[in-house]
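Reading through the structure tokens given below for one structure.
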Amino acid sequence: MQRASIGFCLHSGWAVVVTVAGSIASPSVVDRRRMQLVKDFTYKFRQPYHAAAQMPRKEAAEFIKKVETEARDLARSGIDALQRRLARVGYGVVGCGLLLSSGRELPVLAQILASHALIHTADGELFRDAIRHACTHRRLPVSGIKKKDLFGVAAKSLRLEAAALKLRLTELGKPVGAPWTQDEKLAALAAWLSL
């Protein structure tokens, strides 16, 4: 089996997922997809802390727990399905790269729900935690890197100038075709680094 790594770029309720395989010097994209992390793709579930802020505290805590459990289940089943598909075509996943926000550590629920900025952070972290949990469940090492630091770390680690790195990322997407979005490039770069 060839070595492959999965990169995740998270959004509220879903993730861009790109799998890269090959060598560090010459990686290639072998899969790209969108992974849904909520069953009901509505504002209430994609922005669970925003929705919970409108609920009584006990109901809010139960709601957040429900969305968290659902997101973890969907992330596990999505990663399981991806690993099975990759194995069928000769790839074994050796790690994952997860893009992180610049957010700070979260306080208790009551403090989160009292701050709009913390609500935004918590919504993102819920879905990142679901991916971390799913990777741990599958015994896949997860490398987290802040999105704002990604290009600097990658340029240094891969020994490429920023312009050359951006060109390589654009080239990586050509075999899979358009659209090759910025989120897909970032997920591919996170995967490339975790190879």
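The values are calculated or read from the model by the stated rules, or taken from the named source; none is laboratory data. All of these numbers come straight from a predicted model, not from anything done at the bench. Side chains included, ligands, DNA and RNA excluded: accessible areas come from the protein's heavy atoms. Shrake-Rupley method; radii C 1.70, N 1.55, O 1.52, S 1.80 Å.
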### Query
Can you list residues whose amide H is under 5 Å from Ser143's amide H, if they're 5+ apart or on another chain and H is modeled 1.01 Å from N?
Cys96, Gly97, Leu98
### Query
Just Ser77, Ser12, Ser157 to compare: in a GNM of the chain, with alpha carbon springs under 10 Å, which one fluctuates most?
Ser157
### Task
Would you kindly derive the ³J(HN,Hα) couplings of segment 123-138 from the backbone phi angles with the Karplus curve 6.51 cos²θ - 1.76 cosθ + 1.60 (θ = phi - 60°), listing them in order in whole Hz, with x for Gly and Pro?
4, x, 5, 4, 6, 5, 4, 4, 5, 4, 4, 5, 5, 4, 4, 8
### Message
Using amide H atoms built in the peptide plane, which far-off residues or other-chain residues are under 5 Å from Lys39 H to H?
### Response
none
### Task
Averaging sequence separations of C-alpha pairs under 8 Å and six or more residues apart, then dividing by the length of the chain, give the relative contact order as a whole percent.
33 percent
### Query
Amide H neighbours of Asp31 under 5 Å, counting only residues 5+ apart in sequence or on other chains, H built in-plane at 1.01 Å?
Thr19
### Query
When we measure straight from the Cα of Lys185, which lysines land under 17 angstrom away, once same-chain ones fewer than 8 places off are left out?
Lys146, Lys147, Lys148, Lys166, Lys174
### Query
Which number do you get for Rg(Cα) / (2.2 N^0.38 Å) in segment 64-195?
1.18
### Query
In what order, largest first, do Asp40, Asp31 sit by accessible area if the probe radius is 1.4 Å?
Asp40, Asp31
### Query
According to the square roots a ≥ b ≥ c of the eigenvalues of the Cα gyration tensor, what is the shape class of segment 87-131, taking rounded for a/c under 1.5, prolate for a/b larger than b/c otherwise, and oblate for the remainder?
prolate
#### Entry: Exposure of Trp192 as accessible area (Å², to 10), given a probe of 1.4 Å and all protein chains
0 Å²
### Query
Expressed as a whole number of Å, what is the distance separating the alpha-carbon centroids of segment 102-168 and segment 18-52?
13 Å
